[in-house]
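K.L.:
The following block contains the structure, expressed as structure tokens.
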Amino acid sequence: MPDISDFKKWILGDLQTNTYLLWASDGSAMCIDPAESEPIDAFIQKNHFNLVFVGLTHGHFDHIGGVQKLIDRWNASLLIHPGDTAMLRDPSKNFSAYTNQPMAVSAKPRSVSHNEEIRLGNAVIKILEIPGHSPGSIGFLTHNRVWVGDALFYDSVGRTDLPGGSMTQLLESIHQRLMILDPDTRVFPGHGPDTTIQREKEENPFLEGIR
């Protein structure tokens, strides 16, 4: 599939969330999991990009803090799986109600589903459903890179003790949707360092028995 031109990563918010900006050769851009908006907005303006999509791997509060401001500023489409849509408007469901900064997103989202392809300029980004950390967790796949939110980490997997989580479902998702990718595929998680499919197949202690 046609690939993006490049991407940039920021570590933002109290929980050190990885926020990513992907862009195509024509300057169209997509932000994944904006924990904050200001540095993203400044970078977009500096490089004369056009923010077309804001894509959410899931709806937990530490991944959505900058969504509304970016949508308002750029009139971008908000992409999320319907399994997590209710989290956007309800602080108790995105768990920000239990912090000192409850948050909600009023922008109307566009629902996406497994194997759906999103066009960013001449690049194609495929949606992967990887539920388990949350009911509507998804990944964004382009060429040999995948952005997975809190499903898979370097040497770990996402927590499943929050409402809507399931370790059984998460491990099935990782096995059926991620471990089948090319071993050299680079994995960009919602927190911590990036990794590869091959590395997690061989070293991740949570994946023993499903390799």
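The values are calculated or read from the model by the stated rules, or taken from the named source; none is laboratory data. As the structure is a computational prediction, the values presented were derived from the model and not from experiment. Ideal geometry is used to build each Cβ from the backbone, glycine not excepted, and the neighbour counts take in all protein chains shown.
K.L.:
When you check Val187 against the structure, is it surrounded by 15 or more Cβ atoms within 10 Å (Cβ to Cβ), within 20 Å of Phe7 (Cβ to Cβ) and under 18 Å from the mean Cα position of the chain (by Cα), yes or no?
P.N.:
Values: surrounded by 15 or more Cβ atoms within 10 Å (Cβ to Cβ): yes; within 20 Å of Phe7 (Cβ to Cβ): yes; under 18 Å from the mean Cα position of the chain (by Cα): yes.
Yes: the conditions hold for Val187.
K.L.:
Right, next: Which strands (runs of 3 or more DSSP E) sit wholly inside the range 123-185 and have at least 3 residues that are under 13 Å from Thr195 (Cβ atoms)?
P.N.:
145-149
K.L.:
In addition: Taking the range 68-87, which residues are assigned to a strand (DSSP E or B) and either within 20 Å of Gly158 (Cβ to Cβ) or of a type in the set (Ser, Thr, Tyr) (or both)?
P.N.:
Within the range 68-87, the first condition is being assigned to a strand (DSSP E or B), and the residues that meet it are 77-80.
Scanning the range 68-87 gives Ser77, Leu79, Ile80.
K.L.:
Let me ask something else about it. State whether the residues of the range 84-98 include one that is farther than 15 Å from Ile138 by Cβ, at pLDDT below 95, among the aliphatic types (A, V, I, L, M) and surrounded by fewer than 16 Cβ atoms within 10 Å (Cβ to Cβ).
P.N.:
yes
K.L.:
Mind listing just one residue for me: the one in the range 26-67 that is among the β-branched types (Val, Ile, Thr) and in a loop (DSSP other than H, G, I, E, B) and, of those, surrounded by the most Cβ atoms within 10 Å (Cβ to Cβ)?
P.N.:
At the first step, the residues of the range 26-67 found to be among the β-branched types (Val, Ile, Thr) are 32, 40, 44, 52, 54, 57, 64, 67.
Those still in the list that are in a loop (DSSP other than H, G, I, E, B) too: 57, 64.
Numbers: Thr57: 32, Ile64: 27.
Residue satisfying both the conditions and the ranking: Thr57.
K.L.:
Please enumerate the residues belonging to the range 153-184 that are touching a His at 6+ places or on another chain (Cβ under 7 Å) and small (Gly, Ala, Ser).
P.N.:
If the condition is that a residue be touching a His at 6+ places or on another chain (Cβ under 7 Å) and small (Gly, Ala, Ser), then Gly158, Gly165 are the ones that fit.
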